[in-house]
Amino acid sequence: MKIVLISDTVFDQNGVSRFIQDMASEAKKNEKALYVLTSSPIKAENITDNIINMQPFYSRRMPFYDELFLAIPNIRQFLNKIKELKPDFLHISTPGPVGMIALYASYKYAIPFTSTYHTDFPSYIRKNMHSRIAGRIVVLIMRFFYKKAKLVMARSSAYLEILQNSIQIEKENIFELRAGTDTNNFNPSYKNQEIWAKYSIDENAIKMLYVGRMSIEKNFPWLIQFYKRHYEYFKEKNVVLVVVGHGKMLKEAKKFKKQGIYMLGIKHVPELSSIYASSDFFITPSVTETLGQVVLEAMACGLPCVVTNKGGPTKLINVQSENGFVLEPQEDGLWLDAAQQLIASQELRQKMGMNSFESIKNFSIAATFESFWNIHQDIFSKHG
């Protein structure tokens with residue numbers, strides 16, 4: 001069985017891209033015929049040879065979402081590459097221009113396709129454009145795209161209902177893909193307090209870490225305002241907010257640094273791994289995560305995590321596991337109370353961090369790849 005996984009985002013700095021690269025790596029380890037096909041202007045290093053990047057015919061930053069590229073490949077060359085690879089399945093990971101060309105290839109060459117609902121685009125569009133109409137249009141596009149798939153994988157059980165009710169996928173065509181991250185790249189062994197000197201951050205400060213796009217749909221502006229509202233308290237307790245990621249606010253990094261907010265920009269493994277493992281706790285106010293790959297990475301590095309009660313992270317962080325806090329979005333008092341508890345007690349941070357690390361044993365990328373492959377193998381055995 002051969003699968004060609006096609007995605008608009010493979011080299012961007014986000015959880016989806018890291019996940020796809022991890023899947024390609026696992027395929028190589030397991031000697032499985034999985035190829036990743038994309039078209040991106042980003043030049044990537046240290047990728048496996050089963051990832052194929054075709055030079056875009058046209059590319060630009062995506063409107064209302066300039067952290068990502070909108071890339072259009074040479075359609076004929078892209079279709080010919082798919083034909084040349086002769087896959088049994090196309091797994092179309094994103095419904096962007098690259099994904100839509102792959103959808104046409106599925107029809108043209110009679111290749112069945114599957115998909116993964118990685119990104120809650122309707123919510124992203126509504127938040128970025130402040131338009132319910134635009135969100136509704138995107139929902140219709142999502143339905144057109146996903147309803148043609150043999151099956152759709154959800155990154156967490158939190159989105160099974162959304163796929164059924166909003167995207168209108170039949171229940172029997174939805175599968176939950178086991179969550180996972182690469183624990184070789186993300187684990188507590190990367191802890192290195194000396195890394196902070198590079199960024200002029202006090203080694204003894206308590207580091208509250210955010211990793212992700214510095215954007216509206218991630219609720220990042222609220223996090224900045226939350227820190228600023230309680231700046232005097234955080235300053236007194238020697239707490240800094242460390243931000244890893246890309247966004248327009250990065251242009252004002254020097255200004256934010258004076259306020260105890262350190263914007264480090266995009267970071268790659270292993271430097272990213274050390275930043276995770278050397279921080280004290282992880283925080284994300286996003287309400288649009290289909291899984292929360294960065295939360296998995298933080299857990300793997302042994303961090304307590306503070307997340308909202310919306311989306312995929314609710315399935316990773318819970319009271320029973322005592323590995324973090326799950327809070328109502330933008331409830332200032334609740335978020336401050338959780339932060340204060342973690343700041344006040346190193347013992348609590350260590351306990352929750354250890355629980356996070358223990359929890360991650362159930363979320364290996366090897367198990368995710370096995371789940372992904374077996375789901376396709378089952379369909380292939382029945383209909384191949």
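The values are calculated or read from the model by the stated rules, or taken from the named source; none is laboratory data. Everything numeric in this text was worked out from a predicted model, so none of it was measured. Every residue, glycine as well, gets a Cβ built from its backbone with ideal geometry; the counts of neighbours run over all protein chains shown.
Which of the helices (runs of 4 or more DSSP H) found entirely inside the range 229-346 contain at least 3 residues meeting this: in contact with a strand residue (DSSP E or B) (Cβ under 8 Å, 6 or more places away or on another chain), of a type in the set (A, V, I, L, M, F, W, C) and touching a residue at least 12 places away in the same chain (Cβ under 8 Å)?
Numbers: elements: 231-236, 253-257, 271-278, 293-300, 332-344.
Hits in the range 229-346: 293-300, 332-344.
Does the range 138-146 include one or more residues that are under 22 Å from Lys2 (Cβ atoms) and at pLDDT 85 or above?
So the first thing to find is which residues in the range 138-146 are under 22 Å from Lys2 (Cβ atoms), and the list is none.
No, there is no match, as no residue in the range 138-146 is under 22 Å from Lys2 (Cβ atoms) and at pLDDT 85 or above.
Does the range 32-47 hold any residues that are among the aliphatic types (A, V, I, L, M), crowded, with 23+ Cβ neighbours inside 10 Å and over 14 Å from Thr116 (Cβ atoms), and which are they? Steps first, answer last, please.
Within the range 32-47, the first condition is being among the aliphatic types (A, V, I, L, M), and the residues that meet it are 33-34, 36-37, 42, 44, 47.
Applying the additional criterion that residues be crowded, with 23+ Cβ neighbours inside 10 Å yields 34, 36-37.
Selection gives Leu37 alone.
Among the residues of the range 43-93, write down those that are out of contact with any strand residue (DSSP E or B) (no Cβ under 6 Å at 6 or more places or on another chain), modelled with pLDDT under 85 and among the polar types (S, T, N, Q).
At the first step, the residues of the range 43-93 found to be out of contact with any strand residue (DSSP E or B) (no Cβ under 6 Å at 6 or more places or on another chain) are 43-49, 55, 61, 63-67, 75-84, 86.
Going one step further and asking which of them are modelled with pLDDT under 85, we end up with 43-46, 61, 63-67.
Hit for the range 43-93 is Asn46, nothing else.
Can you pull out every residue in the range 347-384 that is among the small types (Gly, Ala, Ser), under 21 Å from the mean Cα position of the chain (by Cα) and in a helix (DSSP H, G or I)?
Selection gives Gly353, Ser356, Ser359, Ala366, Ala367, Ser371.
Tell me, please, whether a residue that is over 23 Å from the mean Cα position of the chain (by Cα) and surrounded by fewer than 21 Cβ atoms within 10 Å (Cβ to Cβ) can be found in the range 185-193.
Start the filter on the range 185-193 by keeping residues that are over 23 Å from the mean Cα position of the chain (by Cα), which leaves 192-193.
Pick out the ones that are also surrounded by fewer than 21 Cβ atoms within 10 Å (Cβ to Cβ) and you get 192-193.
Yes: the range 185-193 contains one or more residues that are over 23 Å from the mean Cα position of the chain (by Cα) and surrounded by fewer than 21 Cβ atoms within 10 Å (Cβ to Cβ).
Tally time: how many residues in the range 1-31 are more than 19 Å from the chain's Cα centre (by Cα) and either surrounded by fewer than 21 Cβ atoms within 10 Å (Cβ to Cβ) or free of Cβ contacts under 8 Å to residues at least 40 places away in the same chain (or both)?
Going residue by residue through the range 1-31, those that are more than 19 Å from the chain's Cα centre (by Cα) are 1-4, 27-31.
Then keep just the ones that are either surrounded by fewer than 21 Cβ atoms within 10 Å (Cβ to Cβ) or free of Cβ contacts under 8 Å to residues at least 40 places away in the same chain (or both); that gives 1-2, 28-31.
The qualifying residues number 6.
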